[in-house]
Amino acid sequence: MNHNASSPPPSPPRRRTRGRATLLGLGVLALAGAVFALRRPLLMSAPMCMAGRWQGCFGTFNGVVLMTLAALPPAALAAWALARRRRAAGGASAWRMSLAEVGMVHGTVPFVWMTMMPGAEAGTVSGGVSLVPLRDLLTMGPLGIAGNLLVFAALGFFAPVRFAAVASLPRILALGAGCSVLVETAQYVLRLDRVSSVDDVLVNAAGAALAALASRRWWRTAARAPSDRPRPAPAPAG
């Protein structure tokens, strides 16, 4: 009798399934709480969107938030379709990869769109530039700081899950800072009547890093996956 025969892989533990269900439930509750907190500004933009006044949907902060929430079902459907396609092709981590890709786009594009909204005198005046660190931080206020932290938070959360090449905190900081520099440069070049500030870059990068720490449990696993695969045994010497 061969006692060295490998046994079938164990079934996934129930605790992991319950943990995922708990996280999903917390996410739904957090989303519901956010919608409840923002119900008044969202209801202000809803009539304009329903009437086809797209400036009220895409030209205001409240409208962009409303459209982002309305795009959640299509985003979930896109993630499901990508995961199904990967699983049919025999790809590993189909759901993780698909959710990361959709999450990066859905969670980043609306915030970048809001940062690129033109001011009242866009095109007629040159944008301001602030290169002194921490000088503008005092004038941002809690809401401004929170908004800047969220600009690249989705990118920082999902990018190391999707791409093992950026699965380290310094690389996420560099990625967030680089993307923020591009946005601030575009604001100045396009003369959007906005202030291109180094503090925006610092807070944007910090938000990406904090979000990456929140997803570290998943991106560290993804980064170690190639090295954890069993290596073939060396061929015996002839």
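The values are calculated or read from the model by the stated rules, or taken from the named source; none is laboratory data. Computed from a prediction, not measured in an experiment: that's the story for all the values here. Quick reminder, even Gly has a Cβ in these numbers, built from the backbone with ideal geometry, and neighbours come from all protein chains shown.
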**Study point:** Every pair of residues 6+ apart whose Cβ atoms lie under 7 Å, when the first sits in segment 75-91 and is under 20 Å from Val109 (Cβ atoms) while the second is small (Gly, Ala, Ser) and surrounded by 12 or more Cβ atoms within 10 Å (Cβ to Cβ)
**Key:** Ala79/Ser98; Leu82/Ser98
Revision key, fill the gap. Considering segment 59-118, residues that are within 25 Å of Asp200 (Cβ to Cβ) and polar (S, T, N, Q), and then whichever is nearest to the chain's Cα centre (by Cα), we arrive at Thr108
**Study point:** Selection from segment 159-183 of residues that are modelled with pLDDT under 95 and either among the charged types (D, E, K, R) or over 29 Å from Ala83 (Cβ atoms) (or both)
**Key:** Arg162
